[in-house]
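To keep things clear, I will list the structure first and then write my remarks on it.
The values are calculated or read from the model by the stated rules, or taken from the named source; none is laboratory data. Everything numeric here is computed off the predicted structure, so don't read it as measured data. In this analysis, Cβ positions are derived from the backbone assuming ideal geometry, glycine residues included, and neighbour counts consider all displayed protein chains.
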Amino acid sequence: MEELLKELVEKNRKFAINGNVANYIPELDKADKNALGIYVTTLDGQEFFAGDYNTKFTIQSISKIISLMLAILDNGEEYVFSKVGMEPSGDPFNSIRKLETSSRKKPYNPMINAGAIAVASMIKGKNEKERFARLLDFAKLITEDDSLDINYKIYCGESDTGFRNFSMAYFLKGEGIIEGNVNEALSVYFKQCSIEGTAKTISTLGKFLANDGVLSNGERILSTRMAKIIKTLMVTCGMYDSSGEFAVKVGIPSKSGVGGGICSVVPGKMGIGVYGPSLDKKGNSLAGVHLLADLSEELSLNIF
Ligand code: DON
(Lines give C-alpha, C1' and ligand atoms only; values in the text may rest on other atoms or scores of the structure.)
Protein backbone atom coordinates (compact mmCIF):
# COMPACT_ATOMS: atom_id res chain seq x y z
CA MET A 1 0.00 0.00 0.00
CA GLU A 2 2.74 2.48 0.96
CA GLU A 3 4.45 1.81 -2.41
CA LEU A 4 1.20 2.46 -4.27
CA LEU A 5 0.64 5.75 -2.40
CA LYS A 6 4.21 6.86 -3.13
CA GLU A 7 3.83 6.04 -6.79
CA LEU A 8 0.49 7.86 -7.11
CA VAL A 9 1.77 10.97 -5.29
CA GLU A 10 4.75 11.23 -7.65
CA LYS A 11 2.58 10.54 -10.70
CA ASN A 12 0.06 13.26 -9.83
CA ARG A 13 2.30 15.99 -8.41
CA LYS A 14 2.70 17.45 -11.92
CA PHE A 15 -0.92 18.60 -12.03
CA ALA A 16 -0.19 21.25 -9.38
CA ILE A 17 1.46 23.41 -12.03
CA ASN A 18 -1.93 24.14 -13.62
CA GLY A 19 -3.48 25.57 -10.45
CA ASN A 20 -2.79 28.25 -7.88
CA VAL A 21 -2.60 28.41 -4.11
CA ALA A 22 -5.38 30.49 -2.56
CA ASN A 23 -4.21 34.04 -2.10
CA TYR A 24 -7.35 35.92 -1.17
CA ILE A 25 -6.44 35.50 2.48
CA PRO A 26 -2.98 36.75 3.48
CA GLU A 27 -0.76 33.84 4.64
CA LEU A 28 -2.55 31.13 2.60
CA ASP A 29 -0.31 32.07 -0.33
CA LYS A 30 2.79 30.98 1.61
CA ALA A 31 2.05 27.30 0.88
CA ASP A 32 4.37 25.35 -1.43
CA LYS A 33 2.38 24.96 -4.64
CA ASN A 34 3.99 21.61 -5.50
CA ALA A 35 3.29 19.94 -2.18
CA LEU A 36 1.19 16.77 -2.35
CA GLY A 37 0.63 14.25 0.41
CA ILE A 38 -1.79 11.54 1.47
CA TYR A 39 -2.65 9.71 4.69
CA VAL A 40 -4.88 6.65 4.83
CA THR A 41 -6.38 5.35 8.09
CA THR A 42 -8.23 2.03 7.90
CA LEU A 43 -11.00 0.94 10.21
CA ASP A 44 -8.88 -1.94 11.47
CA GLY A 45 -6.23 0.51 12.66
CA GLN A 46 -3.65 0.48 9.89
CA GLU A 47 -2.08 3.74 8.70
CA PHE A 48 -0.30 4.43 5.40
CA PHE A 49 1.14 7.68 4.11
CA ALA A 50 3.26 9.24 1.38
CA GLY A 51 4.53 12.60 0.15
CA ASP A 52 3.87 15.78 2.14
CA TYR A 53 1.59 14.07 4.63
CA ASN A 54 3.14 15.87 7.58
CA THR A 55 2.81 19.46 6.36
CA LYS A 56 0.49 21.67 8.40
CA PHE A 57 -2.32 23.52 6.68
CA THR A 58 -5.61 25.12 7.70
CA ILE A 59 -8.59 22.85 7.23
CA GLN A 60 -10.79 25.72 5.96
CA SER A 61 -14.10 24.44 4.60
CA ILE A 62 -13.46 20.90 5.85
CA SER A 63 -14.43 22.42 9.21
CA LYS A 64 -17.97 22.82 7.83
CA ILE A 65 -18.68 19.12 8.36
CA ILE A 66 -17.40 19.33 11.95
CA SER A 67 -19.56 22.36 12.83
CA LEU A 68 -22.56 20.74 11.16
CA MET A 69 -22.20 17.64 13.36
CA LEU A 70 -22.00 19.74 16.53
CA ALA A 71 -24.88 22.02 15.48
CA ILE A 72 -27.10 18.96 14.92
CA LEU A 73 -26.02 17.44 18.25
CA ASP A 74 -26.79 20.80 19.93
CA ASN A 75 -30.09 21.61 18.23
CA GLY A 76 -31.44 18.51 16.49
CA GLU A 77 -31.76 17.79 12.79
CA GLU A 78 -35.14 19.45 12.38
CA TYR A 79 -34.07 22.85 13.69
CA VAL A 80 -30.78 22.94 11.74
CA PHE A 81 -32.45 22.09 8.44
CA SER A 82 -35.24 24.57 9.05
CA LYS A 83 -32.53 27.24 8.71
CA VAL A 84 -30.27 25.67 6.07
CA GLY A 85 -31.21 23.57 3.04
CA MET A 86 -29.89 20.26 1.70
CA GLU A 87 -29.59 21.08 -2.00
CA PRO A 88 -26.45 21.64 -4.06
CA SER A 89 -26.36 25.29 -5.10
CA GLY A 90 -24.36 24.89 -8.31
CA ASP A 91 -22.73 28.21 -7.39
CA PRO A 92 -19.25 29.00 -6.07
CA PHE A 93 -18.76 28.53 -2.32
CA ASN A 94 -18.76 32.25 -1.58
CA SER A 95 -21.71 33.16 -3.81
CA ILE A 96 -24.33 35.58 -2.52
CA ARG A 97 -26.84 35.72 -5.34
CA LYS A 98 -29.27 32.90 -4.48
CA LEU A 99 -29.68 34.13 -0.91
CA GLU A 100 -32.14 36.76 -2.06
CA THR A 101 -33.36 35.55 -5.44
CA SER A 102 -34.30 32.01 -4.42
CA SER A 103 -37.76 31.43 -3.04
CA ARG A 104 -36.41 29.17 -0.31
CA LYS A 105 -35.07 32.12 1.76
CA LYS A 106 -32.35 30.08 3.39
CA PRO A 107 -28.85 29.08 2.31
CA TYR A 108 -28.94 26.13 -0.08
CA ASN A 109 -26.75 23.86 2.03
CA PRO A 110 -24.33 23.84 5.00
CA MET A 111 -21.22 23.48 2.79
CA ILE A 112 -21.38 26.90 1.11
CA ASN A 113 -20.19 29.86 3.18
CA ALA A 114 -23.68 31.29 3.83
CA GLY A 115 -24.90 27.93 5.14
CA ALA A 116 -21.79 27.36 7.22
CA ILE A 117 -22.05 30.79 8.87
CA ALA A 118 -25.68 30.04 9.74
CA VAL A 119 -24.56 26.68 11.18
CA ALA A 120 -21.79 28.40 13.19
CA SER A 121 -24.46 30.62 14.78
CA MET A 122 -26.19 27.50 16.14
CA ILE A 123 -23.24 26.18 18.18
CA LYS A 124 -24.28 26.50 21.83
CA GLY A 125 -22.30 28.49 24.42
CA LYS A 126 -22.73 31.56 26.62
CA ASN A 127 -20.43 33.67 24.41
CA GLU A 128 -18.24 33.41 21.33
CA LYS A 129 -15.26 32.16 23.34
CA GLU A 130 -17.22 29.28 24.83
CA ARG A 131 -18.85 28.38 21.52
CA PHE A 132 -15.57 28.15 19.67
CA ALA A 133 -13.95 26.31 22.59
CA ARG A 134 -16.74 23.71 22.36
CA LEU A 135 -16.24 23.42 18.61
CA LEU A 136 -12.47 23.01 18.96
CA ASP A 137 -12.93 20.40 21.70
CA PHE A 138 -15.35 18.50 19.47
CA ALA A 139 -12.87 18.71 16.57
CA LYS A 140 -10.12 17.34 18.84
CA LEU A 141 -12.39 14.48 19.91
CA ILE A 142 -13.32 13.27 16.44
CA THR A 143 -9.90 13.83 14.83
CA GLU A 144 -8.38 12.14 17.89
CA ASP A 145 -5.81 14.95 17.96
CA ASP A 146 -5.46 16.85 21.22
CA SER A 147 -2.92 19.28 19.80
CA LEU A 148 -5.36 20.81 17.33
CA ASP A 149 -5.43 24.63 17.41
CA ILE A 150 -6.01 27.61 15.16
CA ASN A 151 -3.42 29.40 13.05
CA TYR A 152 -3.87 32.86 14.51
CA LYS A 153 -2.37 34.74 11.53
CA ILE A 154 -4.77 33.04 9.15
CA TYR A 155 -7.69 33.70 11.49
CA CYS A 156 -6.80 37.42 11.47
CA GLY A 157 -6.51 37.32 7.67
CA GLU A 158 -9.93 35.68 7.41
CA SER A 159 -11.66 38.26 9.54
CA ASP A 160 -9.76 41.23 8.05
CA THR A 161 -10.65 40.32 4.47
CA GLY A 162 -13.93 38.35 4.74
CA PHE A 163 -16.17 41.15 3.50
CA ARG A 164 -18.46 38.89 1.49
CA ASN A 165 -18.90 36.69 4.55
CA PHE A 166 -19.81 39.74 6.63
CA SER A 167 -22.40 40.84 4.07
CA MET A 168 -23.96 37.38 3.84
CA ALA A 169 -24.08 37.03 7.62
CA TYR A 170 -25.83 40.38 8.07
CA PHE A 171 -28.29 39.45 5.33
CA LEU A 172 -29.00 36.16 7.13
CA LYS A 173 -29.51 38.05 10.39
CA GLY A 174 -32.00 40.34 8.62
CA GLU A 175 -33.89 37.28 7.37
CA GLY A 176 -34.02 35.71 10.83
CA ILE A 177 -31.86 32.74 9.77
CA ILE A 178 -29.18 33.79 12.26
CA GLU A 179 -30.92 34.23 15.59
CA GLY A 180 -28.04 35.17 17.88
CA ASN A 181 -25.20 37.66 17.67
CA VAL A 182 -24.06 37.95 14.07
CA ASN A 183 -20.47 39.00 14.84
CA GLU A 184 -20.05 36.04 17.18
CA ALA A 185 -21.24 33.69 14.43
CA LEU A 186 -18.71 35.18 12.02
CA SER A 187 -15.93 34.92 14.53
CA VAL A 188 -16.68 31.22 15.20
CA TYR A 189 -16.77 30.63 11.42
CA PHE A 190 -13.44 32.40 10.77
CA LYS A 191 -11.81 30.50 13.63
CA GLN A 192 -13.09 27.10 12.51
CA CYS A 193 -11.67 27.74 9.01
CA SER A 194 -8.29 28.53 10.63
CA ILE A 195 -7.98 25.23 12.52
CA GLU A 196 -4.63 23.78 11.53
CA GLY A 197 -3.85 20.10 11.01
CA THR A 198 -2.14 17.65 8.67
CA ALA A 199 -3.31 15.01 6.21
CA LYS A 200 -3.44 12.65 9.21
CA THR A 201 -5.90 14.93 11.03
CA ILE A 202 -8.42 14.88 8.19
CA SER A 203 -7.77 11.22 7.46
CA THR A 204 -8.78 10.39 11.05
CA LEU A 205 -11.86 12.60 10.64
CA GLY A 206 -12.71 10.62 7.50
CA LYS A 207 -12.23 7.36 9.36
CA PHE A 208 -14.61 8.53 12.10
CA LEU A 209 -17.35 8.97 9.48
CA ALA A 210 -16.34 5.80 7.63
CA ASN A 211 -16.89 4.08 10.99
CA ASP A 212 -20.40 5.54 11.16
CA GLY A 213 -19.61 8.18 13.81
CA VAL A 214 -17.77 5.85 16.18
CA LEU A 215 -14.30 6.67 17.64
CA SER A 216 -11.35 4.22 17.52
CA ASN A 217 -12.06 3.32 21.16
CA GLY A 218 -15.57 2.18 20.23
CA GLU A 219 -17.41 5.18 21.66
CA ARG A 220 -20.37 6.22 19.51
CA ILE A 221 -20.57 10.01 19.03
CA LEU A 222 -23.09 10.30 16.19
CA SER A 223 -26.22 8.31 15.48
CA THR A 224 -26.12 6.23 12.29
CA ARG A 225 -28.69 8.61 10.83
CA MET A 226 -26.52 11.65 11.52
CA ALA A 227 -23.44 10.00 10.03
CA LYS A 228 -25.53 9.24 6.92
CA ILE A 229 -26.66 12.89 6.65
CA ILE A 230 -23.07 14.16 6.77
CA LYS A 231 -21.80 11.61 4.24
CA THR A 232 -24.68 12.35 1.87
CA LEU A 233 -24.08 16.11 2.01
CA MET A 234 -20.40 15.45 1.32
CA VAL A 235 -21.37 13.60 -1.87
CA THR A 236 -23.87 16.19 -3.08
CA CYS A 237 -22.21 19.43 -1.91
CA GLY A 238 -18.76 18.66 -0.47
CA MET A 239 -16.72 19.67 -3.51
CA TYR A 240 -18.84 22.78 -4.24
CA ASP A 241 -19.86 23.26 -7.84
CA SER A 242 -17.58 20.36 -8.79
CA SER A 243 -19.47 17.85 -6.64
CA GLY A 244 -21.18 16.13 -9.57
CA GLU A 245 -18.03 15.73 -11.63
CA PHE A 246 -16.08 14.56 -8.57
CA ALA A 247 -18.77 11.96 -7.79
CA VAL A 248 -18.49 10.61 -11.34
CA LYS A 249 -14.68 10.59 -11.43
CA VAL A 250 -13.88 9.55 -7.86
CA GLY A 251 -17.10 8.31 -6.25
CA ILE A 252 -16.03 8.85 -2.64
CA PRO A 253 -17.86 11.21 -0.17
CA SER A 254 -15.39 14.07 0.32
CA LYS A 255 -15.05 17.60 1.63
CA SER A 256 -12.46 20.05 0.37
CA GLY A 257 -10.98 23.28 1.72
CA VAL A 258 -9.08 26.16 0.13
CA GLY A 259 -6.08 25.32 2.31
CA GLY A 260 -5.60 22.38 -0.08
CA GLY A 261 -7.04 19.60 2.08
CA ILE A 262 -9.58 16.96 1.06
CA CYS A 263 -11.18 14.70 3.66
CA SER A 264 -12.56 11.52 2.09
CA VAL A 265 -14.75 8.80 3.59
CA VAL A 266 -14.86 5.25 2.27
CA PRO A 267 -17.77 3.84 4.31
CA GLY A 268 -16.87 0.74 6.32
CA LYS A 269 -13.29 0.82 5.08
CA MET A 270 -11.10 3.90 5.59
CA GLY A 271 -10.60 7.63 5.92
CA ILE A 272 -8.30 9.41 3.48
CA GLY A 273 -6.64 12.79 4.00
CA VAL A 274 -5.09 14.53 1.02
CA TYR A 275 -3.06 17.74 0.99
CA GLY A 276 -2.19 19.66 -2.16
CA PRO A 277 -2.54 23.46 -1.94
CA SER A 278 -2.57 24.20 -5.67
CA LEU A 279 -6.28 24.69 -6.40
CA ASP A 280 -8.45 24.51 -9.49
CA LYS A 281 -10.87 27.31 -10.39
CA LYS A 282 -13.58 25.92 -8.10
CA GLY A 283 -11.28 25.91 -5.06
CA ASN A 284 -10.49 22.18 -4.90
CA SER A 285 -6.98 20.68 -4.72
CA LEU A 286 -6.02 20.01 -8.33
CA ALA A 287 -3.40 17.30 -7.87
CA GLY A 288 -5.36 16.01 -4.88
CA VAL A 289 -8.45 15.26 -6.99
CA HIS A 290 -6.32 13.44 -9.59
CA LEU A 291 -4.63 11.48 -6.81
CA LEU A 292 -7.98 10.44 -5.34
CA ALA A 293 -9.33 9.44 -8.76
CA ASP A 294 -6.34 7.12 -9.26
CA LEU A 295 -6.56 5.66 -5.76
CA SER A 296 -10.29 5.07 -6.12
CA GLU A 297 -9.66 3.19 -9.36
CA GLU A 298 -6.68 1.16 -8.05
CA LEU A 299 -8.43 0.02 -4.86
CA SER A 300 -12.03 -0.05 -6.20
CA LEU A 301 -13.20 2.49 -3.62
CA ASN A 302 -16.03 4.03 -5.68
CA ILE A 303 -19.17 3.74 -3.51
CA PHE A 304 -21.49 3.69 -6.49
O1 DON B 1 -14.91 31.83 3.90
C2 DON B 1 -13.80 31.85 3.39
O3 DON B 1 -13.36 32.76 2.77
C4 DON B 1 -12.91 30.65 3.46
N5 DON B 1 -12.13 30.64 4.60
C6 DON B 1 -13.68 29.46 3.06
C7 DON B 1 -12.99 28.23 3.24
C8 DON B 1 -13.04 27.27 2.14
O9 DON B 1 -12.27 26.37 2.19
C10 DON B 1 -14.00 27.44 0.99
N11 DON B 1 -13.64 26.69 -0.11
N12 DON B 1 -13.09 25.77 -0.52
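Quick rundown of the values:
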item	result
Exclusive hit being within 20 Å of residue 94 (Cα to Cα), within 16 Å of the ligand (Cβ to nearest atom) and modelled with pLDDT under 95, set 194, 187, 159, 167	159
Residues satisfying the stated conditions in segment 229-257, i.e. within 11 Å of the ligand (Cβ to nearest atom) and out of contact with any Pro (no Cβ under 8 Å at 6 or more places or on another chain)	239, 242, 255, 256, 257
Residue satisfying all of: in segment 63-81; away from the ligand (no atom under 16 Å from the Cβ) and of a type in the set (Gly, Ala, Ser); farthest from residue 135 (Cα to Cα) among these	76
Selection status of residue 276, within 13 Å of the chain's Cα centre (by Cα) and either of a type in the set (Phe, Trp, Tyr) or within 16 Å of the ligand (Cβ to nearest atom) (or both)	no
The one condition in (1) surrounded by fewer than 19 Cβ atoms within 10 Å (Cβ to Cβ); (2) among the polar types (S, T, N, Q); (3) within 16 Å of the ligand (Cβ to nearest atom) that residue 60 fails to fulfil	(1)
Residue in segment 56-68 that is assigned to a loop (DSSP other than H, G, I, E, B), farther than 19 Å from residue 187 by Cα and touching a residue at least 40 places away in the same chain (Cβ under 8 Å) present	yes
Members of segment 76-97 found to be surrounded by fewer than 18 Cβ atoms within 10 Å (Cβ to Cβ) and either of a type outside the set (D, E, K, R) or in a helix (DSSP H, G or I) (or both), listed by number	76, 77, 78, 79, 81, 82, 86, 90, 92, 94, 96, 97
Qualifying residue in segment 207-216 (condition: outside any strand (DSSP E or B), under 30 Å from residue 101 (Cβ atoms) and acidic (Asp, Glu))	no
Residues located in segment 19-45, provided they are without any contact (Cβ under 8 Å) to a residue 12 or more places away in the chain and more than 16 Å from the ligand (Cβ to nearest atom)	44
